[in-house]
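Read the structure below first, then the notes.
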Amino acid sequence: MESIFGLVGDGFAVVAADTSAVHSILVHKSNEDKIMVLDSHKLVAASGEPGDRVQFTEYIQKNVALYQFRNGIPLTTAAAANFTRGELATALRKNPYMVNILMAGFDKEAGASLYYIDYIASLHKVEKGAFGYGSYFALSLMDRHYHSGMSVEEAIDLVDKCIIEIRSRLVVAPPNFVIKIVDKDGAREYAWRESIRDINAAAILRFSVQKSNLLGCFRLIGSGFWAIISLVGRLLISLHRLCLVMDSVGDKWDDEERSVIGDKGEIRYIDFDHDKSVRNYNPNEEGPIIVSVPFPFVDGKQGGKPQSVVVGETAVDKITLKNTTTDPVEWGVTIYASNPEDSFKLSLMEPPTADSDLETIQAFLECTSLEDRMLHPGDTLTVWLSCKPKEIGVHTSIVHFDLEADMIERVVFLLAEDKISQSLASIRPYTRGIKKKPLNVESHHGSVRPSRKTYRMYKNRLPRYDIPKDIRSLIESGQIPSVVTEGLTRGNYQHFFKNLLIMEEIALEESMRSYDMEGVPLRKRGQQYLSLEVPGLAERRPSLVQGDFVFAKLEYEDERSLPYKGHIYRVEADDVYLKFAPEFHSHHRDGNLYKVQFTYNRISMRRLYQAVDATEDLDVGFLFPSESTQRRMIRAMRMVPISCTLNEEQRRSVEMILGCKGGPPYVIYGPPGTGKTMTLVETILQLYTTRKRDRILVCAPSNSAADHILEKLLNANADVVVQEFDILRLNASSRPYEDVNPDFIDYCFYDDDAFTCPELNALLRYRIIICTYTSASLIYAEGVRRGYFSHIILDEAGQASEPETMIPISSLYKQNTVVVLAGDPMQLGPIINSREAEAFGLGKSYLERLYECDFYRNGDRNYVTKLIKNYRSHPEILHLPNELFYGRELIACKDDSVSFMARVDLLPNKDFPVLFFGIQGCDEREGCNPSWFNRTEASKVVEITKRLTAQRNLSGEDIGIITPYRQQVLKLKKAFENESMPNIKIGSVEQFQGQERQVIIISTVRSTIKHNEFDKTYCLGFLSNPKRFNVAITRAKALLIVIGNPHIITKDRNWNKLLWRCADNSSYQGCSPPERQEDDEDTSFSIDDGQPEEFLQTEVPQPAGVGEAEWSDWNI
């Protein structure tokens, strides 16, 4: 008996509808949402035949959305109502829809409104309206109590009156109602109204049906036919209510989490971190029968975690039932469902232990249900609940207590662990770090900076580029400079990027504050130095190098005492060696405790400012190729490959570069595994061999990437050998000597115990110089003239910000210089600390911005060549990224996968080398470290790795492990060290970009929706970051294994596709997967799209220090 009704208040409209899906005497669902959100400010409530109702409302919704998509503006509520009426009228003459509609909306000009549309296409604008059997009661109440200008509280009170009246007056009343509201803030769900009294009635009915009604049926056989019919009718009505009420058990849960009484219990994923109602029971408020809470959560700073149990052992807890009434109570207890299935058991005896005698063990009985028992007044009964897990991960059970008039539910969680996961347990509970008050360092005691044996005067000095006070004040007050909000144009290029860099620098200063230390000791090292231990220094958290400085003062000193400035003379692992003024050392005692404040090294930022300034001399057509008046035409120069056999696209790109005469950059678009580096090496060798006068500058975003190019050049299978005196591997002075491969030292310039740049005359002797983007500024500083290099080749250009890309270009480029950018805009972009600067353009690489120009976006061969043959990955590994990111253009050319798969005894489907292992663990943090880890996943990673290497078909060097959180990396490294397996590379996605392994194992870590939403906002982890997803799954050559919580990971479209592709190919194992949500939308995105909508930050996050946002991980 359907009921929908609504009314208009002061600036809002509210609509309520029952949630029962009924056909004849059967209830199919009791959580059917009959109020559809039409768009952001409209609601449609519908009643009628279920098929017509669903089909017609979805048809209206899609057409309204289509109108907005085509015209850029939404329909008004009046227009949407008239459109709906027109469609109903049209259908009347063909195939009528048996649908009655209430449409509520809010328009900026007209305010809130409500439209009444019946199935024969009558349309009326009303202040209140209703349909269905409940309309008789709702309309009468609204006629009595409704008045214009009602407040939200008055309207909801009237809605509740209507619901109560409908429930009490209809013979078969719907128990549940959903209430939605629409106002200036949009359309949204306001509340659910669920029946409580009917639960009691249903509980009573369960026993009374079998003990009273059926006996009464036999007695009435002789009383006449109509008496029997009356009894059957009452039974059907009661059973109808039973179905409705039982379907509503699990208050506050969504569809996936709700427990539903049916033929067989089943538990979907219950997120205890997100839904506190499943762990915050108060037995004293539930009723006269007090039921204790089994396996209560372990208290902790993060709201508690499930108790732990070791796999193979039995965890036991008692449940007490206390009757506080004066009457006996009949009770029953049932394990409604468990996940994994049958993992929990009930008993009236305490389960025996390993030390119990044989008689006790034989007498013990366990079951899943105890029924028809009596609890006398004042008595307390004990029931035992036990679990013996066979697998690691969270185990869940829902236990129902049937207490005559009451139905009570307990949701139980246990975390099953093994020795590995236990060894990774938190040492200290997590405590959020307190933001420390910075030292006043405007006045301080100075110190002596580490000196160099020789001092060189650079020809082009690096200016200071101090941040203007007015801009600093503006940004620190939370405002964005106007030139930034205007967007990038040819007229504001330098001003735009310098302001973004200032935003970034201020964010970097703020991030350094999180490393400040209080109450820390300094230890005397010889006669000159004091050492400070800096946790995380070995991982460059913070990044400190020789020559940087810190400020320190005794902890007990007040603000009037000046801090001392100390310079870093040496960095060793987690220790820095400091030298202060002589009086600081003379007063130091090893027991003293100090406040220490780190400073940010501005050298790299100053180089970026300088590069942006130098772009003033670049052609407009170089920075903005779309504004060029002429289209470039390149005459390809034929060549014979030197280093290797090239495919068609690789050959074409080399020939086009050889034929290029300057102008805008030539791009080699290199998706994963397509031989981009090999193509660059061939290009360099061709130039080196055939053009003796050419000079080549090769840059990469990191030292490891630059070393990789050098290695490929030196080891190329070619008749041509690059002479040692022709090639220079230029390093920054801060790079440690031991960081360089000994085979490459002869190609570096090392002087005064540090790497350095040769003087100008020596520098000009080299034909090939390889360095990082940032170190290229040393070449300009030495005085190398603009246009000296014939070719500037930038590898992994998608990883560098535009100002970083300009360091090797803006001061060395001339009109006839050939600039080559190689990279993939579909992979990881630059790492930016300021979320505001990233959102406004600093997070977009120059390579990605070039694709806004038609020449590059449309694949014009005079501007770009796309490599499409993938030589890395098995075709099934490549399938999904090819579909999602590369328009299905990539061609899998790997040919040795079959032999590898034959050696791996792990996959359920040997023809499908992608395995998803579902596991439900717990998100954890420890100490003051804000990074997340998941011990359960870490244990599973170790287990799978040991299985892969057990038969010695694979070595540790063949396996790579990717995880998005630094603390998970540390936990995994510890676990593998404990297992004597230290050679396996474990790192973030960023650390794996450009690399590959035979086997890649991904640990996704996240196991709760709450933390996942934080990740989405700040682009952490894997979810809603398609570029990180793309890089992670394309590192594997022969086997990809994903370990994670499927209920969380499928919240992202791309990961959802991966999981169900595994499931469809019988390659999913582990915990029960979520219900499948078909995604018919085209989820692929290309360079044309920029970044997908969910990846863009439409709102700039709050500054660091607000809630969780003060913390960061790999990508911040």
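Only the coordinates and a few stated rules stand behind these numbers; no lab work does. Since the structure is predicted, the reported quantities are computational estimates derived from the model, not experimental observations. Heads up, the Cβs are rebuilt from the backbone with ideal geometry, glycines too, and the neighbour counts pull from every protein chain shown.
For every helix of n ≥ 4 consecutive DSSP H residues, a contribution of -39,500 (n - 2.57) applies; sum these over the chain, divide by its total residues, and give [θ] at 222 nm rounded to the nearest 500 deg cm²/dmol.
Result for the chain: -8500 deg cm²/dmol, rounded to the nearest 500.
What pairs from K42/K94; K595/K974; K128/K161 go past 20 Å between their alpha carbons?
Values: K42/K94 28 Å; K595/K974 31 Å; K128/K161 15 Å.
Too far apart for the 20 Å limit: K42/K94; K595/K974.
Among the lysines, which have Cα under 16 Å from the Cα of K814 when same-chain residues fewer than 8 positions away are ignored?
Partners within reach: K661.
Which whole-number percent gives the relative contact order of region 3-194, counting Cα pairs below 8 Å spaced six or more residues apart? Can you show the working numbers first?
On the way: 393 pairs, mean separation 59.1, N = 192.
About 31 percent, as a whole number.
If the reach is capped at under 12 angstrom between alpha carbons, list the aspartates and glutamates near K459, excluding any in the same chain fewer than eight residues apart.
Within reach: E759, E782.
Could you sort 470-482, 653-665 so that the peptide with the highest average Cβ count within 10 Å comes first and the rest follow in order?
653-665, 470-482
Quick one, what does Rg over Rh come out to for region 469-600 if you take C-alpha atoms and the Kirkwood Rh?
Values: Rg = 18.8 Å, Rh = 16.9 Å.
In region 469-600, Rg relative to Rh is 1.11.
Can you give me the orientation-averaged projected area of the convex hull built on the Cα atoms of region 3-194, in nm²? It would help to have the intermediate numbers written out before the result.
Numbers: hull surface 41.9 nm².
Mean orientational projected area (region 3-194, Cα hull): 10.5 nm².
Starting from the Cα coordinates of region 77-119, work out the convex hull volume and express it per residue in Å³. Intermediate results must be reported in sequence, preceding the final value.
Values: hull volume 2.0 nm³, N = 43.
Convex hull of Cα atoms, per residue: 46 Å³.
With each pseudo-label sitting 7 Å past Cα toward Cβ, what's the Q307-S543 distance in nm, one decimal?
4.8 nm
Taking a cut-off of 26 Å, what percent of all Cα-Cα pairs in region 818-940 are separated by more than that?
Within region 818-940, distances greater than 26 Å cover 52 percent of Cα pairs.
What Kirkwood hydrodynamic radius do you get for region 895-972 when you take the inverse of the mean 1/r over all pairs of distinct Cα atoms, in Å? Present the calculation step by step, with values, prior to reporting the outcome.
Working: mean 1/r = 0.0692 Å⁻¹.
Computed over region 895-972, the radius equals 14.5 Å.
Among bridges DSSP assigns within the chain, what percent are antiparallel (round to 5)? Mind dumping the intermediate values first?
On the way: 118 of 169 bridges.
If we restrict to bridges inside the chain, about 70 percent are antiparallel.
What is the Cα centroid distance between region 78-106 and region 449-512, reported in whole angstrom?
59 Å
Report the normalised scattering of region 618-730 as log10 I(q)/I(0) at q = 0.10 Å⁻¹, calculated by the Debye formula with identical scatterers on the alpha carbons.
The calculated log intensity ratios at q = 0.10 Å⁻¹ are -0.33.
May I have the pair-distance distribution P(r) for region 670-796, computed from all Cα-Cα distances with 10 Å bins from 0 and rounded to whole percent?
12, 47, 34, 6, 0
Using only Cα atoms, find the angle between the long axis of helix 77-92 and the longest principal axis of the chain, and express it within 0 to 90 degrees, rounded to the nearest 10.
Computed tilt is about 60 degrees.
Based solely on C-alpha atoms, express the radius of gyration and the Dmax of region 673-714 in angstrom.
For region 673-714, the Cα radius of gyration and maximum Cα-Cα distance read 10.8, 33 Å.
Given a cut-off of 28 Å, name the pairs among K676/K1027; K436/K973; K692/K712; K1037/K1057; K345/K1057; K108/K844 whose C-alpha atoms lie farther apart than that in the structure shown.
Working: K676/K1027 18 Å; K436/K973 31 Å; K692/K712 21 Å; K1037/K1057 20 Å; K345/K1057 36 Å; K108/K844 36 Å.
Over 28 Å apart, Cα to Cα: K436/K973; K345/K1057; K108/K844.
Tell me, what is the FRET efficiency for I891 and T489 to the nearest 0.05, using R0 = 30 angstrom and their Cβ-Cβ distance as r?
On the way: r = 40 Å, r/R0 = 1.33.
Plugging the Cβ-Cβ distance into 1/(1 + (r/R0)^6) gives 0.15.
Averaging over all projection directions, find the projected area of the Cα convex hull of the chain and quote it in nm² with one decimal place.
On the way: hull surface 226.9 nm².
The orientation-averaged projected area of the Cα hull of the chain comes to 56.7 nm².
Could you name the aspartates and glutamates whose alpha carbon sits less than 12 Å from that of K390, not counting residues in the same chain fewer than 8 places away?
E313, E341, D342, E417, D418
Where does helix 966-978 land angle-wise versus the long Cα axis of the chain, in degrees 0 to 90, nearest 10?
Here the helix axis deviates by roughly 80 degrees.
What number, in percent, do you get for the relative contact order of the chain if the mean sequence gap of Cα pairs under 8 Å and at least 6 apart is divided by its residue count?
Working: 2149 pairs, mean separation 89.9, N = 1116.
Relative contact order here is 8 percent.
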